[in-house]
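Shown next, in structure tokens, is the structure this report addresses.
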Amino acid sequence: MQELKFLLRSVPATDLACEPAAALHDVATAIERCKPRLVLFSGHSFAGSLAFELPSGRIELPPAHLFIDQLRKADQLQHVFLNGCNTGELGHQIVATLPHLTVICWRSVAEDAAARSFALGFYDAVGAFLATGEEVQVEIAFWAGLERFAADGFRLGDPAVFLHPP
């Protein structure tokens, strides 16, 4: 929730549509309603699928192609940020299917505090571009995320090597 709180403070409300505890159907509805240029997913992934939450509270793990099909409907979409563990393969599938998109994702486990740290720097930069009416330069936002990540004491690499000793 801290990440959501920071997102709401960083990005102007006129440029933001938030779908907490979203199901894949919510993604489709939001894309149709908002015509986004940037889609941000923050959550968990399992077995190569993003974890969405159904109204019952159960987890939905749709195949990658169903999520990509929703992104395909977003005519103005330029960038996708998948802030969840092991989203690298999905990121590659998105770019293979929709090569005009820039995708930021994690190819390893993403420790929650580290993922949040990166996201805070990223959102702050995205919000700064939007607040001035400029086009979002996602590469600069990426580097701002890395800068925050490093400033908070995190290092690049797979944390699984350090979190689970043999």
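The values are calculated or read from the model by the stated rules, or taken from the named source; none is laboratory data. Keep in mind it's a predicted model, so treat the numbers as computed, not measured. All Cβ positions, glycine included, derive from the backbone under ideal geometry; neighbour counts span all protein chains shown. Heavy atoms of the whole protein, side chains included, go into the accessibility calculation; ligands, DNA and RNA do not. Shrake-Rupley method; radii C 1.70, N 1.55, O 1.52, S 1.80 Å.
Could you say which residue among Phe81, Phe46, Phe52, Phe41 is without any contact (Cβ under 8 Å) to a residue 40 or more places away in the chain and either crowded, with 17+ Cβ neighbours inside 10 Å or closer than 19 Å to Lys5 by Cα (or both)? Spell out the reasoning first.
On the way: Phe81 fails: without any contact (Cβ under 8 Å) to a residue 40 or more places away in the chain; Phe46 fails: either crowded, with 17+ Cβ neighbours inside 10 Å or closer than 19 Å to Lys5 by Cα (or both); Phe41 fails: without any contact (Cβ under 8 Å) to a residue 40 or more places away in the chain.
Being without any contact (Cβ under 8 Å) to a residue 40 or more places away in the chain and either crowded, with 17+ Cβ neighbours inside 10 Å or closer than 19 Å to Lys5 by Cα (or both) holds for just one of Phe81, Phe46, Phe52, Phe41, which is Phe52.
Within segment 15-23, does at least one residue satisfy the condition of being out of contact with any helix residue (DSSP H, G or I) (no Cβ under 8 Å at 6 or more places or on another chain) and either part of a helix (DSSP H, G or I) or open to solvent by 80 Å² or more (accessible area, probe 1.4 Å) (or both)?
No, segment 15-23 contains no residue that is out of contact with any helix residue (DSSP H, G or I) (no Cβ under 8 Å at 6 or more places or on another chain) and either part of a helix (DSSP H, G or I) or open to solvent by 80 Å² or more (accessible area, probe 1.4 Å) (or both).
Do we find that Arg58 is more than 17 Å from Phe81 (Cα to Cα), at pLDDT 90 or above and loosely packed, with under 13 Cβ neighbours inside 10 Å in this structure?
Yes.
Within segment 65-77, is there a residue that is on the phi < 0 side of the Ramachandran plot and touching an Asp or Glu at 6+ places or on another chain (Cβ under 8 Å)?
Yes, that holds for at least one residue.
Right, Asp69: over 13 Å from the mean Cα position of the chain (by Cα), open to solvent by 40 Å² or more (accessible area, probe 1.4 Å) and within 18 Å of Val136 (Cα to Cα) or not?
So Asp69 fails the test.
Name the one entry in Ala96, Ala51 that is among the hydrophobic types (A, V, I, L, M, F, W, C) and over 13 Å from the mean Cα position of the chain (by Cα). Even if it seems obvious, please write down each step before you answer.
Details: Ala51 fails: over 13 Å from the mean Cα position of the chain (by Cα).
The conditions single out Ala96.
Specify the residue that is nearest to Thr102 (Cα to Cα); the eligible residues are those in segment 151-166 that are of a type in the set (A, V, I, L, M) and open to solvent by 70 Å² or more (accessible area, probe 1.4 Å).
Leu156
Out of the residues in segment 40-55 meeting the condition of being under 12 Å from Cys105 (Cβ atoms) and not hydroxyl-bearing (Ser, Thr, Tyr), tell me which one is modelled with the highest pLDDT.
So, considering only residues that are under 12 Å from Cys105 (Cβ atoms) and not hydroxyl-bearing (Ser, Thr, Tyr), the one modelled with the highest pLDDT is Leu50.
Among the residues of segment 138-150, which ones are under 18 Å from Arg37 (Cβ atoms) and open to solvent by 80 Å² or more (accessible area, probe 1.4 Å)?
Glu139, Ile140
Can you tell me which of (1) out of contact with any Gly (no Cβ under 8 Å at 6 or more places or on another chain); (2) within 20 Å of Glu111 (Cβ to Cβ) is the one Ile59 doesn't meet?
(2)
Filter segment 84-116 down to residues that are in contact with a Gly (Cβ under 6 Å, 6 or more places away or on another chain) and open to solvent by 60 Å² or more (accessible area, probe 1.4 Å) and give me whichever is farthest from Gly145 (Cα to Cα).
Result: Glu89.
Out of contact with any Leu (no Cβ under 7 Å at 6 or more places or on another chain), among the aromatic types (Phe, Trp, Tyr), surrounded by 20 or more Cβ atoms within 10 Å (Cβ to Cβ) and over 19 Å from Asp158 (Cα atoms), is that true of Phe122?
Spelling it out, Phe122 is indeed out of contact with any Leu (no Cβ under 7 Å at 6 or more places or on another chain), among the aromatic types (Phe, Trp, Tyr), surrounded by 20 or more Cβ atoms within 10 Å (Cβ to Cβ) and over 19 Å from Asp158 (Cα atoms).
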